[in-house]
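See below for the structure under consideration.
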Amino acid sequence: MRQIQMLNEDLQEQIRLAEASTEDLRAFAYATSHDLKSPTNTALMIAAALSEEIGEHPETACKGLLNDLRETLGGMSSLIDSVQSYTNAIAPTLARDDVDLDEVAREVVADLSDMVLRSGALITVNALDHVTGSPGQLRILLANLIENAVKFQLPGAVPVISFDRVSAPEGFVGLSVTDNGIGIEAAHLDRIFQLFQRLNSTLDYSGHGLGLAVCHRIALNHRGRIGVASTPGVGSTFTVILRKETP
Ligand SMILES: Nc1ncnc2c1ncn2[C@@H]1O[C@H](COP(=O)(O)OP(=O)(O)OP(=O)(O)O)[C@@H](O)[C@H]1O
Ligand SMILES: [Mg+2]
């Protein structure tokens, strides 16, 4: 009996240490990305000012290089945003509000209206459930899924996307996001939920490979799971199952 108690105490201590180092790493990534943001923005502004100066001297050979610099700095700035979004998603504190997923999905579609209008996407939201959790994190989860659904399309295709309620075990709620995009080869289905994993060239599709890692983490935070079924050239369905009441 005494031995079981000692083993249990040892296990609790190991869990505490693992949680502490995860939190240290999270805080480190957050602080680093936060501190990098300001000099990157300053460098972007300087490059923009230089571009304007040079605009008055069209014969200069530096113009192309400056455009490359601005593009690179823009990419850096968006990578820093993605890392910050990831570190926020893995924060240990989780709000426990009543969240109407249907309303959040509609708000996310409205927030992304520029992207949606540009792509001509047809999006439907079909009576999603309520869940107890973090409204901010669940919004990020749905936003990443819809961004991907709009982005990973064949050139010239009209994205057709739907949010649907799906059946889930007792005590859980489920939703899916279905698109008619480029799809994913079966061999890569697991890999896409890991950090910095992308299957396409950034020349064809922009991104850093962080969005689905964020979604995966948010689903875990809500004691849930995320998965995908896909047919290359036909489309993908991402399914999210969340605990109705996160303890
Ligand atoms: N709806 C989809 N259809 C086809 N492929 C997808 C879809 N969603 C994700 N993928 C594939 O999974 C990869 C990982 O997705 P993820 O959202 O993590 O990264 P990203 O969109 O490339 O970049 P980020 O989200 O950081 O801007 C993508 O690069 C793409 O190859
Ligand atoms: Mg993405």
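Quick look at the values:
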| quantity | calculated |
| --- | --- |
| The stretch 10-30 residues that are modelled with pLDDT of 85 or more, paired with ones that are exposed (fewer than 10 other Cβ atoms within 10 Å of the Cβ) and of a type outside the set (Lys, Arg) (beta carbon under 7 Å, 6 or more apart) | none |
| Some residue of the stretch 163-173 being in contact with a Ser or Thr (Cβ under 8 Å, 6 or more places away or on another chain) and within 16 Å of ligand 2 (Cβ to nearest atom) | no |
| Among (1) in contact with a Cys (Cβ under 9 Å, 6 or more places away or on another chain); (2) part of a loop (DSSP other than H, G, I, E, B); (3) of a type in the set (A, V, I, L, M), the one test that Leu145 misses | (2) |
| Qualifying residue in the stretch 200-218 (condition: surrounded by fewer than 18 Cβ atoms within 10 Å (Cβ to Cβ) and among the basic types (Lys, Arg)) | no |
| Test set (1) within 13 Å of ligand 1 (Cβ to nearest atom); (2) within 28 Å of Thr87 (Cβ to Cβ) - Ile182 fails condition number | (2) |
| Leu242, sole failed condition from (1) at pLDDT below 95; (2) among the hydrophobic types (A, V, I, L, M, F, W, C); (3) open to solvent by less than 70 Å² (accessible area, probe 1.4 Å) | (1) |
| Members of the stretch 75-101 found to be open to solvent by 30 Å² or more (accessible area, probe 1.4 Å) and over 17 Å from the mean Cα position of the chain (by Cα), listed by number | Pro92, Thr93, Ala95, Arg96, Asp97, Asp98, Asp100 |
| Any chance Ala229 is away from ligand 2 (no atom under 16 Å from the Cβ), over 22 Å from Asp97 (Cα atoms) and in a helix (DSSP H, G or I) | no |
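The values are calculated or read from the model by the stated rules, or taken from the named source; none is laboratory data. All of these numbers come straight from a predicted model, not from anything done at the bench. Here the Cβ is made from the backbone with ideal geometry for all residues, glycine too, and neighbour counts use every protein chain on show. Each accessible area value is taken on the protein alone, full model and side chains, heavy atoms only, with ligands, DNA and RNA left out. Shrake-Rupley method; radii C 1.70, N 1.55, O 1.52, S 1.80 Å.
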